[in-house]
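Chemist: My questions will all concern the structure given below.
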Amino acid sequence: MTQEQLKQLDLAHIWHPCTQMSDHEKNIPLLPIKRAQGIYVYDFNNQAYMDCISSWWVNLFGHCHPYINQKLKEQIDTLEHIILAGFSHEPIIRLSSRLTSLLDSKLTKCFYAENGSSAIEIALKMAFHAQKLKGKVKNKFLCLQNAYHGETIGALSVGDVGIYTQTYEPLLLEALKIKMPKGEEYTQSLEQLREILQNHAQEIVAFILEPLIQCAGNMNMYSPNFVREAVKICQEFGVFVIFDEIAVGFGRTGSLFAYEQCGVVPDFLCLSKGISGGYLPLSCVITSDEVYQLFYAPYEEHKAFLHSHSYNGNPLACACANAVLDIFEQENIIEKNKLLSAYIWGRFCELGEFKCVANLRHCGMVFALDLVGFEGQRKGLEVFNLALKKGLLLRPLGNTIYLMPPYIITQSEVDYIIDCLKVIFGKF
């Protein structure tokens, strides 16, 4: 089939996520992809596009990575899937042991699902249930303004990006929100956090946040000092802390896990996206033995945590995740990324010469800027379309332009991206 035939067949039958489908009629081209290699994806006309956003932030080491491919092929000939209730398999045992060995000694128990939103649902339910088992019946959660944690009902309840939450407000759990921190401006956020906990700690199950970066919240970046102090306040009031590291984990912020930069450890750590290198759906909630023991009891006491997915801990996904950890170990990725991040940031700052560009910022391997002076205009969409013509795959967040590339990007590829953006911004 030709590319155009595939496009028409797609539009006839597929409802795409996070998409106003009418946009594909005139504003946004629908692009069927035939193959991918490294940092590039290719359409059915063999046109190459540089994947500047790691395909929704999941692809750490490029597409069709030979080592991950190899490990996936080895696994598929051995065991493709097995029910995880009452059964287990070597890839998940190995992965769980390796993950916990990389984390603080407090985090010892892994509970698996298939995607980030599911991980958030698990953490919310587990935190609520744990509080109940401790004799504390609480029914509220605490989050940051501008937060995004997924799009299932529980995850939406602790989010604050209106385009996602407003329609479903009648269905949502009750959540209290504190002022979002920005950079080093977080004093008011901490004051508000303490005030809310002084008045409502007896009702609040847990405080959830993305450490260091609110990714879908227009890449808002804030100080690790805020995270550290906020966690200490929550601990003072007996409120659980959930870290959503679905997007910021696995090296994105400059350390393997973002919490490492904050000097504190959450009660629940949610991981997904980069965990399998962009190959197969997988997520994990990691918690403490203290929480685990609350649920550990004879069957008759009805304390078990009942939450199951058919594909929990799929062996193929776990094989990919183990391969990802192998690459981190074998290639010293965190140290390499420090040099790469410095180079990208140096070139990225050159975009500040344009009057339409403001608030350049970065954290590790995440780089962002805001287009200003275009209120009411979908300027980010214009950048997307112009970039696509130059072979760049971007997906702006409104008028926030960001780069979150695979870690294998080269300096010459970075140069091409920046040079293209200069041409595009020069038209504004």
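Chemist: What number, in percent, do you get for the relative contact order of the chain if the mean sequence gap of Cα pairs under 8 Å and at least 6 apart is divided by its residue count?
Modeler: Relative contact order here is 20 percent.
Chemist: Helix 379-389 versus the longest principal axis of the chain: what is the Cα-based angle in degrees, 0 to 90, to the nearest 10?
Modeler: The helix 379-389 is inclined about 60 degrees to the chain.
Chemist: How many angstrom lie between the C-alpha centres of region 75-117 and region 238-283?
Modeler: 15
Chemist: Label points 7 Å out from Cα along the Cβ direction at residue 5 and residue 174: separation in nm?
Modeler: Inter-label distance under the simple model: 5.9 nm.
Chemist: Additional query: Report in % the part of the accessible area of region 134-265 that belongs to carbon and sulfur, leaving out ligands and nucleic acids; probe 1.4 Å.
Modeler: Carbon plus sulfur share of accessible area: 48 percent.
Chemist: Turning to a different aspect of this structure: Provide the packing ranking of 299-312, 392-405, 83-96, i.e. peptides ordered by the mean count of other C-beta atoms within 10 Å per residue, highest first.
Modeler: 392-405, 83-96, 299-312
Chemist: OK, next. How high is the relative contact order of region 317-428? Use alpha-carbon pairs under 8 Å, at least six apart in sequence, and give a whole percent.
Modeler: 24
Chemist: Expressed as a whole percentage, what fraction of the accessible surface of region 277-345 belongs to carbon and sulfur atoms when a 1.4 Å probe is rolled over the protein heavy atoms?
Modeler: 56
Chemist: Please provide three numbers in whole Å: the alpha-carbon extents of region 273-428 along the principal axes, with the largest listed first.
Modeler: Sorted from largest, the Cα extents of region 273-428 read 69, 41, 27 Å.
Chemist: Find how much the distance from residue 45 to residue 412 grows on full extension, using 0.36 nm per residue of separation minus their present alpha carbon separation; answer in nm with one decimal.
Modeler: 129.7 nm
Chemist: Which FRET efficiency, nearest 0.05, do residue 195 and residue 225 yield, Cβ-Cβ r, R0 25 Å?
Modeler: Computed FRET efficiency for residue 195 and residue 225 comes out at 0.85.
Chemist: Continuing with this model, one more query. To check you understand DSSP bridge types, tell me what percent of the beta bridges within the chain (both residues inside) are antiparallel, rounded to 5.
Modeler: Roughly 65 percent of the DSSP beta bridges within the chain come out antiparallel.
Chemist: So what is the accessible area of the chain per residue, in Å², with the probe set to 1.4 Å?
Modeler: Dividing the accessible area of the chain by its residue count gives 45 Å².
Chemist: A further question on this structure: Taking the simple approach of a point 7 Å from Cα along Cα-to-Cβ for both residue 381 and residue 304, what is their distance in nm?
Modeler: 5.0
Chemist: Using only C-alpha positions, report the orientation-averaged shadow area of the convex hull of the chain, nm², one decimal.
Modeler: Answer in nm², one decimal: 21.7.
Chemist: Still on this structure, I have one more. Taking only the alpha-carbon positions of region 78-172 and ignoring solvent, what does the Debye formula give for the base-10 log of I(q)/I(0) at q = 0.11, 0.18, 0.21 Å⁻¹?
Modeler: For region 78-172 at q = 0.11, 0.18, 0.21 Å⁻¹, log10 I(q)/I(0) is -0.47, -1.00, -1.12.
Chemist: Would you calculate, for the chain, the mean residue ellipticity at 222 nm contributed by helices, counting each DSSP H stretch of 4 or more residues as -39,500 (n - 2.57) and dividing by all residues, to the nearest 500?
Modeler: Only helices count here, giving -11500 deg cm²/dmol.
Chemist: Over its Cα atoms, what ratio of radius of gyration to 2.2 N^0.38 Å does region 84-240 give?
Modeler: Relative to the rule-of-thumb radius for its length, region 84-240 sits at 1.10.
Chemist: Take the alpha carbon gyration tensor of region 1-90, find the square roots of its eigenvalues, order them as a ≥ b ≥ c, and report rounded if a/c is under 1.5; if not, report prolate when a/b exceeds b/c, else oblate.
Modeler: prolate
Chemist: With the crude spin-label approximation of a point 7 Å out along Cα→Cβ, what separation in nm comes out for residue 104 versus residue 64?
Modeler: For the pair residue 104/residue 64, the computed spacing is 4.3 nm.
The values are calculated or read from the model by the stated rules, or taken from the named source; none is laboratory data. Keep in mind that this is a model prediction, so the values were computed, not measured. Glycine also receives a Cβ, built like all others from the backbone with ideal geometry; neighbour counts cover every protein chain displayed. Please note that ligands, DNA and RNA were not included when accessible areas were found on the heavy atoms of the full protein model with its side chains. Shrake-Rupley method; radii C 1.70, N 1.55, O 1.52, S 1.80 Å.
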